Amino acid sequence: KLPSGLIMQWGVVINQSSGNTTTVTLPIAFPSAIVGAWCNNTASNNGSTNTRITSINTTQINVYNGESSSGNNYWFAIGY
């Protein structure tokens with residue numbers, strides 16, 4: 001958490017199966033708003049963008065693995 005109130009959080013969904021959505025409870029709830037969330041899958045060998053955040057709120061994000069194989073999904077969220 002920065003002095004300005006901006007909060008940055010990140011983590012990983014380990015070995016998430018293809019086609020599954022995992023709900024991640026954020027370590028710190030954003031007191032006012034979440035600005036955005038992003039993710040990346042290590043199983044992507046071709047630069048696919050099928051792994052994505054499907055929903056967000058101030059306490060949780062949903063990470064969807066649309067890749068053809070399991071992999072680690074690294075996520076990042078920012079808010080205040």
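Points worth noting:
- Scanning segment 64-73 for residues that are touching a strand residue (DSSP E or B) at 6+ places or on another chain (Cβ under 7 Å) and either at pLDDT 95 or above or open to solvent by 50 Å² or more (accessible area, probe 1.4 Å) (or both) yields Tyr64, Ser70.
- Subset tally (residues that are over 13 Å from Gln16 (Cβ atoms) and assigned to a strand (DSSP E or B)) for segment 62-80: 4
- Residue match in segment 47-56 (condition: surrounded by 13 or more Cβ atoms within 10 Å (Cβ to Cβ) and not in a strand (DSSP E or B)): yes
- Note on segment 10-35: among residues that are part of a loop (DSSP other than H, G, I, E, B) and at pLDDT below 95, the one that is surrounded by the most Cβ atoms within 10 Å (Cβ to Cβ) is Ser18.
The values are calculated or read from the model by the stated rules, or taken from the named source; none is laboratory data. Keep in mind the model is a prediction, meaning the values are calculated, not measured. For neighbour counting, all protein chains shown are included, and Cβ atoms are generated from backbone atoms with ideal geometry for every residue, glycine included. Just so you know, the surface numbers come from the protein's heavy atoms only, side chains and all, with ligands and any DNA or RNA stripped out. Shrake-Rupley method; radii C 1.70, N 1.55, O 1.52, S 1.80 Å.
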